[in-house]
Amino acid sequence: MSQSTPGPTIVAAPDAPLNVLVTKTLTLPDVTPEEEGMIAEAAGPDAIVNIVDRPRDGVPLAADADVILGIVPQWLFEAAPRLRWIHATASGVDMFMYPAFLESDVVLTGEKGLVGSHLADHAFGLLLALVRRIATAVKLGPEGWDNDHRERMRYSELELEGLTMGILGFGGTGRHLARRAVAFGMKVQAMDLYPVSPSDGVDSVGGPEALADIVATSDVLAVGLPLTDATKRMFDDEMFASMPDGAILLNVTRGEIIDGPSLERALLNGTIGGAALDVAPVEPLPANSPLWGFENCVMTPHTAGASQHRARRNLERFCRNLVALREGRALEGVVDKQTGF
């Protein structure tokens, strides 16, 4: 996988008024009249803006679309022969990586760097629920006051001050995680596939060669990676065995990065100290999954991506990109289709 940072991406300016198709999604549940006006203004004079409630409703309108904002399954992509650019309403873009799209000249942009703050908030909520035994206390309810339960919780609670957080993937989510970790008095180390500048309390960011050392020396190992062929099921028995005794796995990005049976074995055998997860190896996680039964595994049902600010932030980026498209300037949030992020 290339480790050079992609250069600016410029889409050729259109020679006719833009035709823009907007498909509402889970992360763009509505478009207000004001926001529709923002899109129309950014798209330029005489632009056509069509807004539909779901991607399927966009099929009859896709033939004339130059730009789509939303999610574009292969059947919608195949209905849009004029398409030149997609702006995704999703932080993970693995659902776009079908051959017809990869082999096309259509550019993909999205929320890269915009979703880190609320994902990091959620990650620390899960981490605190685990290390301070908050999840255990909530589950116990009144029984938590029983002296045996109270003592067991008190004796097993951890303080974050002085622990080391290792961050795999130092993009938007990773940087926001680092900022919060430093505020809790943690030491932070990070790696990324691309050369990136250190910030937010991280003195240096290693490349792929730093992975093994970070995994072996982090009390909390935070996953900020996209799902690609290279990262799928990368957390296997060997990876868990290389983590320090008592280390905690923290993941709010993509569940398929973890091999489910390997995680179950690591928790059962005490290979790791715990897991704090918003994403699961299989979603929805079946009711009979052993992961539900581990006291040292705290989970939420892939809800970390929610924020009252998310849709507006991405919509504003989309509008800036519409103007950049018309003016022949580089777009923000470009996804490298070959690496998948």
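The values are calculated or read from the model by the stated rules, or taken from the named source; none is laboratory data. What you see is a predicted model; the values in this text were computed from it and never measured. Glycine also receives a Cβ, built like all others from the backbone with ideal geometry; neighbour counts cover every protein chain displayed. Note: accessible area is taken over every heavy atom of the protein model, side chains too, but ligands, DNA and RNA are not part of it. Shrake-Rupley method; radii C 1.70, N 1.55, O 1.52, S 1.80 Å.
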> Which residues' amide hydrogens lie under 5 Å from the amide hydrogen of W85, considering only partners 5 or more residues apart or on another chain, with H built in the peptide plane?
Replying inline: I68, V107
> Tell me, what is the FRET efficiency for N269 and D94 to the nearest 0.05, using R0 = 25 angstrom and their Cβ-Cβ distance as r?
Replying inline: 0.25
>> Net charge around E34, counting only other residues with Cβ within less than 11 Å of its Cβ (Lys, Arg = +1; Asp, Glu = -1)?
In response: -2
> Hey, what does the equivalent ellipsoid look like for segment 53-197, semi-axes from the Cα gyration tensor as sqrt of 5 times each eigenvalue, largest first, whole Å?
Replying inline: 44, 21, 10
>> Relative contact order of segment 185-341, please, whole-number percent, based on alpha carbon pairs below 8 angstrom and at least 6 residues apart.
In response: 16 percent
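If you take the Cα atoms of the chain, find Rg, then find the Kirkwood Rh from the mean of 1/r over all pairs, what is Rg/Rh?
That ratio is 1.02, to two decimals.
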> Once the Cβ-Cβ distance between Q74 and L26 is put in as r, and R0 is 30 Å, what FRET efficiency do you end up with, to the nearest 0.05?
Replying inline: 0.95
>> Show me, for segment 80-94, the HN-Hα J-couplings you get by feeding each phi into the Karplus relation (A = 6.51, B = -1.76, C = 1.60, θ = phi - 60°), rounded to Hz, glycine and proline as x.
In response: 10, x, 8, 4, 10, 7, 10, 10, 7, 9, 7, 7, x, 10, 4
>> Given a 1.4 Å probe and heavy atoms of the protein chains only, how would you sort V52, V59, largest accessible area at the top?
In response: V59, V52
> So what's segment 1-136 giving for Cα Rg divided by 2.2 N^0.38 Å, two decimals?
Replying inline: 1.27
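What is the sum of charges around L158, taking Lys and Arg as +1, Asp and Glu as -1, for the other residues whose C-beta is under 11 Å from the C-beta of L158?
That sum, taken over residues with Cβ under 11 Å, equals -2.
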> Rounded to the nearest whole Å², what accessible area per residue is found for the chain with the 1.4 Å probe?
Replying inline: 46 Å²
> Kirkwood hydrodynamic radius (Cα pairs, Å) of segment 177-300?
Replying inline: 15.0 Å
>> Going by Cα centres, segment 70-149 and segment 283-341 are how many Å apart?
In response: 4 Å
>> So for the chain, averaging the separation of alpha carbon pairs under 8 Å that are six or more residues apart and normalising by length, what relative contact order in percent results?
In response: 20 percent
> For segment 251-316, rounded, prolate or oblate, judged on the Cα gyration tensor with a ≥ b ≥ c (square roots of eigenvalues), a/c < 1.5 rounded, else prolate if a/b > b/c?
Replying inline: prolate
> What percent of all Cα-Cα pairs in segment 121-200 falls in each 5 Å bin, counting up from 0?
Replying inline: 3, 14, 21, 18, 13, 11, 9, 6, 3, 1, 0
> Going down the list K187/K232; K24/K112; K112/K232, which pairs span over 23 Å between their C-alpha atoms?
Replying inline: K187/K232
> If you rank K139, K187 by how much accessible surface each has, with a 1.4 Å probe, what is the order from largest down?
Replying inline: K139, K187
> How big is the shadow of the Cα convex hull of segment 11-62, averaged over all directions, in nm²?
Replying inline: 4.2 nm²
> Reachable aspartates and glutamates from K337, Cα under 14 Å, same-chain residues fewer than 8 places away excluded?
Replying inline: D94, E103, D105, D229
>> I need to check one value: relative contact order of segment 138-207, counting alpha carbon pairs closer than 8 Å and at least 6 residues apart, in percent.
In response: 26 percent
>> What percent of all Cα-Cα pairs in segment 54-98 falls into each 5 Å bin, going from 0 up to the bin containing the maximum distance?
In response: 5, 24, 37, 24, 9, 1
> Are there GluC sites (Glu not before Pro) in segment 286-341 that DSSP puts in a loop and that have at most 15 other Cβ atoms within 10 Å, and which ones?
Replying inline: E295
> Binning every alpha carbon pair distance of segment 170-227 at 10 Å from zero, what are the percents per bin?
Replying inline: 24, 62, 13
> Which Cα, out of A129, L158, N147, lies furthest along the positive dipole direction of segment 100-173 (beta carbon charges, K/R +1, D/E -1)?
Replying inline: N147
> Of the heavy-atom accessible surface of the chain (probe 1.4 angstrom), what whole percent is carbon and sulfur?
Replying inline: 53 percent
